[in-house]
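The values are calculated or read from the model by the stated rules, or taken from the named source; none is laboratory data. Just so you know, these numbers come straight off a predicted model, no measurement behind them. Cβ atoms come from the backbone with ideal geometry, glycine included; neighbour counts cover every protein chain shown.
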Amino acid sequence: MSTLPPILESSAMTNQPPALQTFQMPHIPVRTIAGIIAIIVLIVLAWTSCYTVQAESEGVVLRFGKFLKTVEPGLHFKLPFGVDQVTVLPTRRQLKLEFGFLTPGYTNVDQPTKDPQQERSMVTGDLNAALVEWVVQYRIDDPKQYLFDVRNPAQTLRDLSEAAMREVIGDRTVDEVITIGRQDIEISALARMQELAKRYMLGVRVDQVQLKNVNPPAEVQASFNEVNKAQQDRENAINIANGDYNEAVPRARGQADQAIRAAEGYRFKRVNEAEGDVASFNAMLAQYIKAPEITRTRLYLETMGDVLPVTGEKIIIDESMRNLLPILPLTGKPLEKK
Amino acid sequence: MNKRGCLILLSIVLAIVILRTLLGCFFAVHQTEQVIITQFGKPVGDPITDPGLHFKLPIIQDINRIDKRFLEWDGTPVAIPTRDKTYIHVDTFARWRINDAKTFFVRLRDERSAQSRLEDILGSETRNAVAKHDLIEIIRTDKNRKPLRDENLKNVPTGLGTIGVLPPIQYGRLKIEDEIKSKAAGKLAEFGIDLLDVRLKRVNYNPDVLDRIYQRMISERRQIAQRFRSEGEGEAARIAGQKERDLNEIQSTAYRQVQQIRGEADGKATEIYAQAYTQNPQAAEFYNFLKSMETYRKVLTKDATLVFSTDSDLFGLLKRANAKPQTLPPAH
């Protein structure tokens, strides 16, 4: 309804002679007007018939809807008025798809996920649940296929990537998925995605599959942490026991060595002393053999001479006195008779 | 002026109509599509699959553009019980193509009705296939795959719950997908549709089942945790035992060696002494004498009381001083 008044107005304008007259009033020559129009048309023509292809891209040219050629980066010309259509594809740019999570600030419209919650929850091969987030890096390597063989190729890539990832996760245990098998999963998923992309004629090359956060569901996270803790506890118990062992055993070894060395020392001492004693004895013996009696007497007297001065009491009695013992002042000390 | 204006206007309109009609004879077929020409709604001739500029009769013939590419079908997620009565949400997708445009056009006319037909056929085939198999058949793919085992769980015996074990399967996911595809493909061929592929995109537990699954996962993890703790304690006890053993071994070996060495030393010393003192009778005699003297020195201290008879060896000498010197009696 709102478009009607201007139409009525314009049709009224064409039928009104005064309006036409005022329109033709200016004294500009027709040739000039025609020239201006021609120039405008030329500019528009030039404008619509040239286009640039960015350095990272490739242009695909269609003439009347039929594929004509692909063009390299730079300034190019085409036929205007929709005869030639150009689609520019960023063939040299690494494109990225995100699954199960969102990174803000993306430029590729296919990059984010519509439903991260659904995308990341998976069932593992041992029928456990896991949350898997991943990234697929790809490049458009056949623009013709990408544009003409599949409708919505990026969405197709998303779908097949999800299917492939679940296939791979579905053949692995939850422990493989969360800890030990990450690399193996990336490799297998990549191979599977490449295979499917080829089969679907997407015209893209999947370069990389990277697993991001892979977690057990929040509800069971605590029990997974408990396993980690128990593992630490185990290491801890073993370390403490090893500590005790290392504290006691090397010391005992040292002490054992010490005792053995001391015994060896004792052996040296005993033997050396014995040999020393014997050497001195032998030397004296040699002299003794030369004059046994006098040596004996000398030694006897020497001993007495040394001993007597320090002896407590000395009583000398004549041999004829026989029964003297009862009158001795017995001091309770042992008697030495000589 | 007014009449001339009308004439110009009329001729412009006429020119536009003629031009339009002429242009209506030509149409471009895009690289991605095929065209079926209909005359009063009835298809004429073969579908045009060759992209580029084409010709048709104006006004009486219409063009119907039909996509030539692989098209998507994204199924709505459905809750289905598996054969082992687990409720799961299954989300499927398919790739398909219109390979017989004429049949397609006659039977379905446009893509929207095709999508709803796909939904019917693929949806029901998916339901059938899922309900026919156990859950594990839908989850797993490669029946020969052996899972990697965690180094830390190496010595956990297999069969301890489901830890580290992939339940065996008979068919696997790919077989089930193929089954859906082959069954649906036949039905879809009647519509001029070529089904390239059907895939199970998402298979997830129904929220009602999840609690049970979580409980199982938690109890499984607890089991592993307990095992780790027990392993730690066991290993610690083993190390403590080894410590006792090693200590005893070290200490007793040392004791034995010490005793051996000391015994050897004493024996050797005894041998040396014995050899020296028994080398001849005089040596023995001299040794006796020396030892006696040594003993005197030890025994006669300041606490001792000595009683000498003039008859004794020492004073015997005194008494006999005037007499001729005599030999000393041997000491005893």
- [ ] Determine, yes or no, whether B:Leu200 is among the aliphatic types (A, V, I, L, M), facing chain A (nearest Cβ under 8 Å) and either in a strand (DSSP E or B) or touching a residue at least 12 places away in the same chain (Cβ under 8 Å) (or both).
- [x] yes
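Here's the yes/no breakdown for (1) over 46 Å from the mean Cα position of the chain (by Cα); (2) not assigned by TED's automatic domain parsing to the domain that holds A:Ala154:
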residue	(1), (2)
A:Gly65	yes, yes
A:His76	yes, yes
A:Pro80	yes, yes
A:Gln85	yes, yes
A:Gln94	no, yes
A:Thr107	no, no
A:Pro116	no, no
TODO: Give the range A:281-317 a look and list any residue that's small (Gly, Ala, Ser) and more than 7 Å from chain B (Cβ to nearest Cβ), or say none.
DONE: A:Ala283, A:Ala286, A:Ala291, A:Gly305
Task: Residue identified as of a type in the set (Lys, Arg), closer than 30 Å to B:Asp150 by Cα and in a helix (DSSP H, G or I) among B:Arg256, B:Arg216 - done: B:Arg216
- [ ] Look at the range B:168-210 and say how many of its residues are at positive phi and within 23 Å of the chain's Cα centre (by Cα).
- [x] 1
Task: Scope the range A:143-155; condition more than 7 Å from every other protein chain (Cβ to nearest Cβ) and either closer than 12 Å to B:Gln31 by Cβ or touching a helix residue (DSSP H, G or I) at 6+ places or on another chain (Cβ under 7 Å) (or both); matching residues - done: A:Pro143, A:Lys144, A:Gln145, A:Tyr146, A:Leu147, A:Pro153
Task: Residue in the range A:161-175 that is nearest to the other protein chains (Cβ to nearest Cβ), counting only those that are assigned to a helix (DSSP H, G or I) and in contact (Cβ under 8 Å) with a residue 40 or more places away in the chain - done: A:Glu162
- [ ] Could you list all residues from the range A:217-258 that are crowded, with 20+ Cβ neighbours inside 10 Å and either among the aromatic types (Phe, Trp, Tyr) or more than 7 Å from every other protein chain (Cβ to nearest Cβ) (or both)?
- [x] A:Phe224
- [ ] Consider A:Ala279 carefully, then state whether it is surrounded by 14 or more Cβ atoms within 10 Å (Cβ to Cβ) and of a type in the set (A, V, I, L, M, F, W, C).
- [x] no
- [ ] Find all pairs meeting these conditions: Cβ atoms under 6 angstrom apart; at least six residues apart or on different chains; first residue within the range A:275-291 and within 11 Å of B:Gln282 (Cα to Cα); second residue assigned to a helix (DSSP H, G or I) and aliphatic (A, V, I, L, M).
- [x] A:Leu285/B:Ala283
TODO: Select from the range B:146-200 the residues that are among the aliphatic types (A, V, I, L, M) and under 30 Å from A:Glu235 (Cα atoms) and write down the one among them that is modelled with the highest pLDDT.
DONE: B:Leu166
TODO: Could you please find all residues in the range A:67-112 being in contact with a helix residue (DSSP H, G or I) (Cβ under 7 Å, 6 or more places away or on another chain) and free of Cβ contacts under 8 Å to residues at least 24 places away in the same chain?
DONE: A:Leu102
Task: Single condition A:Leu95 does not satisfy, out of (1) more than 14 Å from chain B (Cβ to nearest Cβ); (2) modelled with pLDDT under 85; (3) surrounded by 19 or more Cβ atoms within 10 Å (Cβ to Cβ) - done: (2)
- [ ] Could you tell me whether A:Arg205 is more than 7 Å from chain B (Cβ to nearest Cβ) and basic (Lys, Arg)?
- [x] yes
Open item on the list: Being among the charged types (D, E, K, R), more than 21 Å from A:Pro309 (Cβ to Cβ), modelled with pLDDT of 70 or more and loosely packed, with under 12 Cβ neighbours inside 10 Å is the requirement here; does B:Lys302 meet it?
Closed with: no
Open item on the list: Just the residues that are farther than 28 Å from A:Ser223 by Cβ and at the interface with chain A (Cβ under 7 Å from one of its Cβ atoms), please, taken from the range B:228-252.
Closed with: B:Ile239, B:Ala240, B:Gln242, B:Lys243, B:Asp246, B:Leu247, B:Ile250, B:Gln251
TODO: Check off (1) at the interface with another protein chain (Cβ under 9 Å from one of its Cβ atoms); (2) touching a residue at least 40 places away in the same chain (Cβ under 8 Å) for A:Arg158 and give me the number that stays unchecked.
DONE: (1)
Task: Residues located in the range B:183-197, provided they are touching an Asp or Glu at 6+ places or on another chain (Cβ under 9 Å) and part of a helix (DSSP H, G or I) - done: B:Lys183, B:Ala184, B:Ala185, B:Lys187, B:Leu188, B:Ala189
Open item on the list: From the list B:Thr21, B:Thr38, B:Thr49, exactly one residue is touching a residue at least 24 places away in the same chain (Cβ under 8 Å) and over 19 Å from B:Asp110 (Cα atoms). Which is it?
Closed with: B:Thr21
- [ ] Have a look at B:Val35, B:Val44 and point out the one that is surrounded by 20 or more Cβ atoms within 10 Å (Cβ to Cβ) and in a strand (DSSP E or B).
- [x] B:Val35
